[in-house]
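Structure first, commentary second.
The values are calculated or read from the model by the stated rules, or taken from the named source; none is laboratory data. Here the structure is a predicted model, which is why all the values come from computation and not from measurement. Counting neighbours? That spans all protein chains shown, and the Cβs are built from the backbone with ideal geometry, glycine included. Quick note on the areas: whole protein, heavy atoms, side chains included, nothing else; ligands and nucleic acids left out. Shrake-Rupley method; radii C 1.70, N 1.55, O 1.52, S 1.80 Å.
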Amino acid sequence: MADTTTPTTTAATPTDATRTAAHTGTSGSTGSTGTTGTTGTTVIDDTVVAKVAGIAARDVAGVHSLGTGAARAIGAIRDAIGQRDLAQGVKVEVGEKQVAADIVIVAEYPVALQDVADGVRTGVARALQQIVGMDVAEVNVTVQDVFIPGDEDETPSRVA
């Protein structure tokens with residue numbers, strides 16, 4: 001008789017550097033070779049999950065950039081040398097079946113900040129579910145700054 005137990009993997013915790021999941025090939029998810037009954041593991045590194053979240057957050061209307069002031073300064077240097085960090089401003093905690101994301105944004109003035117934050121939450125959750133294939137426990141958004149178009153120095157201005 002064939003063994004019907006699910007393949008076991010090592011327990012992943014939110015602090016693990018990678019996510020490991022069993023894949024049976026019968027659900028039609030990406031990575032399937034189309035062969036029914038094929039088993040194996042898929043490992044998606046946390047940095048990939050953070051990049052997916054960062055790309056999705058940047059696509060939301062009203063988001064000027066991601067990250068704190070220091071991260072944006074370093075990011076400008078990286079951009080200048082062609083080494084853009086798509087995960088800048090994003091922190092993810094990946095478990096076996098769920099992911100949580102913390103995203104720091106700079107919003108464009110005069111957008112409604114709650115609407116931008118809700119858009120980031122929705123876009124990031126959708127991307128993580130569709131691209132990474134994990135359930136999203138939460139997406140926390142911190143509006144760190146507001147960018148005012150027309151500033152001569154092109155730096156975001158602090159809102160008191």
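Residues of segment 98-116 that are of a type in the set (Asp, Glu), in a strand (DSSP E or B) and open to solvent by 60 Å² or more (accessible area, probe 1.4 Å): GLU108 alone.
Screening segment 117-141 for residues that are assigned to a helix (DSSP H, G or I) and charged (D, E, K, R) and picking the one that is surrounded by the most Cβ atoms within 10 Å (Cβ to Cβ) gives ARG121. Applying the condition of being farther than 21 Å from ASP59 by Cα and assigned to a loop (DSSP other than H, G, I, E, B) to segment 82-97 and asking which residue is most open to solvent (accessible area, probe 1.4 Å) yields LYS97.
Any residue in segment 66-82 that is modelled with pLDDT of 95 or more, out of contact with any Phe, Trp or Tyr (no Cβ under 8 Å at 6 or more places or on another chain) and within 14 Å of GLY123 (Cα to Cα)?
No, that holds for no residue.
Can you tell me which of ALA22, ALA2 is at pLDDT below 80, in contact with a Pro (Cβ under 8 Å, 6 or more places away or on another chain) and outside any helix (DSSP H, G or I)? Write out each step before concluding.
Numbers: ALA2 fails: in contact with a Pro (Cβ under 8 Å, 6 or more places away or on another chain).
Only one candidate qualifies: ALA22.
For the structure I just gave you, tell me whether GLN144 is over 22 Å from ASP45 (Cα atoms), surrounded by 14 or more Cβ atoms within 10 Å (Cβ to Cβ) and at pLDDT 95 or above. Considered against the rule, which asks whether it is over 22 Å from ASP45 (Cα atoms), surrounded by 14 or more Cβ atoms within 10 Å (Cβ to Cβ) and at pLDDT 95 or above, GLN144 comes out as yes. Restricting the first member to segment 64-81 and to residues that are assigned to a helix (DSSP H, G or I) and open to solvent by 60 Å² or more (accessible area, probe 1.4 Å), and the second to residues that are modelled with pLDDT of 85 or more and not small (Gly, Ala, Ser), the beta-carbon pairs closer than 6 Å and six or more apart or on different chains are ARG78/ASP85.
Take the conditions surrounded by fewer than 18 Cβ atoms within 10 Å (Cβ to Cβ) and modelled with pLDDT of 95 or more and apply them to ILE55. Does it pass? Steps first, answer last, please.
Values: surrounded by fewer than 18 Cβ atoms within 10 Å (Cβ to Cβ): yes; modelled with pLDDT of 95 or more: yes.
Yes.
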